[in-house]
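Just so it is clear, none of the values below were taken in a lab; they were calculated from the coordinates. Keep in mind the model is a prediction, meaning the values are calculated, not measured. Virtual Cβ from ideal backbone geometry, glycine too; neighbours counted across all protein chains shown.
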Amino acid sequence: MENDDIHHVARIVFGEARGESEEGQLAVAYTLVNRKNLRGYPNTIYEVVYQSYDNKHYYKTLDDKDHDETWKRAVASNSTEYQNAIRAATEALSAKRPDPTRGATDFYARDPDPSADDNEFYQAHGMIIIGKYIFVSRRLRSS
């Protein structure tokens with residue numbers, strides 16, 4: 001497990017799940033690890049984190065103009081929120097704790113979101129609710 005990978009995952013956890021329970025933050029971290037480990041997704045943490053479509057990042061927090069500054073301040077001050085994000089990232093990357101999502105690759109707020117739907121490329125299944133998020137697994141359709 002590389003230190004850079006921990007920070008990349010922690011940055012997403014910090015931006016997307018700050019304020020969520022420990023389990024919720026761990027769940028978000030695991031979605032990145034699960035993507036890295038599945039065929040049809042990028043195979044490095046860096047590529048998963050910075051994956052984009054239509055000139056936007058998959059993880060919308062990276063396109064939030066305030067995120068960079070908030071993240072930098074949290075890192076510099078070693079804030080509790082930063083420490084929690086690092087812990088979740090480390091535990092997911094090392095599989096120190098079990099995956100509460102049971103393999104989810106996507107998460108979204110409880111509003112309807114197309115990432116929970118089947119499409120021509122992926123099948124969605126295994127919906128789990130943790131905190132304010134719904135987690136779902138998308139698997140590449142067989143050819």
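What are the radius of gyration and Dmax of region 3-140, computed over its Cα atoms and given in Å?
That works out to 14.1, 45 Å for Rg and Dmax.
Subtracting the Cα-Cα distance from 0.36 nm times the residue separation, let me have the gained length for Asp4 to Met127 in nm, one decimal.
Taking Asp4 through Met127 to full extension adds about 41.3 nm, to one decimal.
Fewest Cβ neighbours within 10 Å first, please rank Tyr41, Tyr53, Tyr30 accordingly.
Fewest to most other Cβ atoms nearby, the residues stand as Tyr53, Tyr41, Tyr30.
Going through region 14-48, which trypsin sites (Lys or Arg not before Pro) have at most 15 other Cβ atoms within 10 Å and a DSSP loop state?
Answer by residue number: Arg39.
Please arrange Asp5, Asp66 by how many other C-beta atoms lie within 10 Å of their C-beta, fewest to most.
Asp66, Asp5
Could you derive backbone 3J(HN,Hα) for region 35-52 from the dihedral phi with the Karplus parameters 6.51, -1.76 and 1.60 (θ = phi - 60°), listing whole Hz in sequence and x where the residue is Gly or Pro?
With coefficients 6.51, -1.76 and 1.60, one gets 4, 4, 8, 10, 4, x, 10, x, 9, 10, 4, 4, 5, 5, 4, 9, 4, 9 Hz.
For Lys132, which lysines qualify as cross-link partners when the Cα separation must be under 17 Å and same-chain residues fewer than eight apart are set aside?
Lys60
Does a label point 7 Å from the Cα of Arg102, set along Cα-to-beta-carbon, have any residues of region 17-42 with amide nitrogen under 19 Å, and which are they?
23-35, 38
List Ser79, Ser94, Ser137 from most exposed to least, where exposure is judged by having the fewest other Cβ atoms within 10 Å.
Ranked by crowding around the Cβ, least crowded first: Ser94, Ser79, Ser137.
How large is ³J(HN,Hα) for each residue in region 69-74, as worked out from phi by the Karplus curve 6.51 cos²θ - 1.76 cosθ + 1.60 (θ = phi - 60°), to whole Hz, x for Gly and Pro?
The phi angles translate into 5, 4, 4, 4, 5, 5 Hz.
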